[in-house]
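Reviewing the structure listed below.
What follows is calculated from the coordinates using simple rules that are stated; it is not laboratory data. Just so you know, these numbers come straight off a predicted model, no measurement behind them. Methodologically, a virtual Cβ is constructed for each residue, glycine included, from the backbone with ideal geometry; neighbour enumeration extends over all protein chains shown.
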Amino acid sequence: MKLPCLLPLLCLFALSAQAQDTFTIGNTTLYATDLVTDSQIPWELVWGGDDMLWCSERKGRVIRIDPVTGDYTTVLDLNVTFNGQGEPGLLGMLQHPNFPEDPRVWLAYCDGQFSVSEHLSVFEWNGTELVNEQELISLPGAQIHNGSRLLWMSDNTILMTTGDAGDTGNSQDLESLNGKILRLNPDGSIPEDNPFGPDSYIYTWGNRNPQGICEGPDGNIYTSEHGQNSDDEFNLVEAGRNYGWPDVQGACNSPSEQNFCAEWNVMEPLEAWTPCIALNGLEYYTHEAIPEFQGKILMSVLGGFNDPFPGRLIAIELSEDGMEVEGQEAFFASYGQRIRDIAVNPYSGNFYLAFNGTQYPGAPPNIIKEFSTSDPAGIPSPVVEPVLLRPIPAQGVVDISVTEGAVGGPLVVRDMTGRIVMEGQVPSLRFQLDIEGWSAGRYNVWTATGASALLVH
Ligand SMILES: [Ca+2]
């Protein structure tokens, strides 16, 4: 369905505006544009100390992206396990907080064709490439559950999440490095004050597959962790604590779980999701550019097998002491794609999302998008207003009101999967849109000066 195109010039304008999407979050408008469209399955996004955006890709590359143009160079290409089916490959990445003065970059990756191993190595940045690999830790890897998120702690140690590698027996075994969070010194040695003594990397145990980690308010450390069929978990990390897997899923709420939790001092999640929604990268958003996100934990969500919604970003609101989840709100599900990770530009507060296509484990498209509070295409929109739609929900015909700047400009309607179902031009300040025959559901109506959700009955 297309609206008549009366002015050719404005219709061209409408076409060029399709490269971006706008989202209204409270009083903030976000403009989304594709930054890199040919990523080889982006896994970790890091805002670099060199003011470039770094990305690890599951197929083995580390790319260094100009955040303005999206141009990138490949600074490392590792020979990793990647068969397109499972979950191994190049995964976690961490820069030294004083990068590039301290040139060290840590990478977690899996290799081995038949028997997968997981490695944590440190490399050096020579201004062009990552060189001088030094392996610090290796442990069993698998086709599934390899953890691998990395975090620099304020005490100058590093946390590394590991997965149970598909063997549930690993997580409660203090002799195994799988199903744990490990703590190490930057040179790979074991910190003397580790909770299980100076001979053990183990920092927490009873983990299944944590794949998001961040430092939040007051130095609290949070993880996101995949559950099996229930209870994806958002956890507060405390040294030495047992997180219960495989004996406990989510809260300690069945009789057998309560016994186990009492015996092993199990830490319950701050929040859990059933059915699983497949939680991933975390970022604590502190910038004032997006007041609606400020002070919240942003969590990448892939979208689970029984999850009725696609991938999305969830903003988690914490209590003042950071010990409870007080609210959550989901964004960007309209793309219908799995969101793997997030990084924030510390200057502008703009952020970047790594999309891993529509299907497990990494179907195309694999795109890195920028979400900016300023309009990168330069469309003038000093006052951003919502589009008014009546009635709610609508049936047959919907009345639409827009502000003056939108008249003659583009009109785009997308469905929840992000697919454009209608594009054309705004004919006047008030007009009617024929939605007869549209399937019931939620749509997004977008003009040059604002956007609103359209609910069709
Ligand atoms: Ca439970």
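Here are a few things to note about the model shown:
- Under 5 Å between amide hydrogens, built in the peptide plane, is the criterion, and for G409 it picks out V426 among residues at least 5 positions away or on other chains.
- Per-residue ³J(HN,Hα) for the range 449-457, Karplus 6.51 cos²θ - 1.76 cosθ + 1.60, θ = phi - 60°, Hz, x for Gly and Pro: 10, x, 8, 8, 7, 10, 9, 9, 7
- Counting only alpha carbon atoms, the long axis of helix 255-264 and the longest principal axis of the chain meet at about 60°.
- Dividing the C-alpha radius of gyration of the chain by 2.2 N^0.38 Å, with N its residue count, gives 1.03.
- Our coupling estimate for the range 428-444, obtained by passing each phi through the Karplus curve with A = 6.51, B = -1.76, C = 1.60 and θ = phi - 60°, is 6, 4, 10, 8, 10, 10, 7, 10, 4, x, 6, 6, 4, x, 9, 10, 10 Hz, Gly and Pro reported as x.
- Under a 5 Å amide H cut-off, with hydrogens placed 1.01 Å from N, G48 pairs with L53, W54 among residues at least 5 apart or on other chains.
- Each residue of the range 303-309 was assigned a 3J(HN,Hα) from its phi angle through the Karplus expression (A = 6.51, B = -1.76, C = 1.60, θ = phi - 60°), giving x, x, 5, 9, 7, x, 10 Hz with x at Gly and Pro.
- Summing charges over all other residues whose Cβ lies under 9 Å from the Cβ of W43, with Lys and Arg as +1 and Asp and Glu as -1, gives -1.
- Estimated 222 nm signal from helices in the chain, with DSSP H stretches of n ≥ 4 weighted -39500 (n - 2.57), rounded to 500: -1000 deg cm²/dmol
- Computed label-point distance, nm, for sites N126 and D102 using a 7 Å Cα→Cβ extension: 2.2
- Spatially, the range 329-372 and the range 214-275 are offset by 26 Å when compared through their Cα centroids.
- Cross-link partners of K296 among aspartates and glutamates (Cα-Cα below 15 Å; sequence separation of 8 or more within a chain): E215, D218, E271, E283, E288, E317, E320, D321, E324, E326, E329
- If the chain linking D38 and E317 were pulled fully straight, counting 0.36 nm for each residue of separation and taking away their Cα-Cα distance, it would gain 97.1 nm.
- Look at R104, R338 and count the other Cβ atoms within 10 Å of each Cβ; fewest to most, that gives R104, R338.
- Under 5 Å, built H, 5+ apart or other chain: amide partners of G336: none
- Taking the number of Cβ atoms within 10 Å of each Cβ as an exposure proxy, the fewest-first ranking of I342, I368 is I342, I368.
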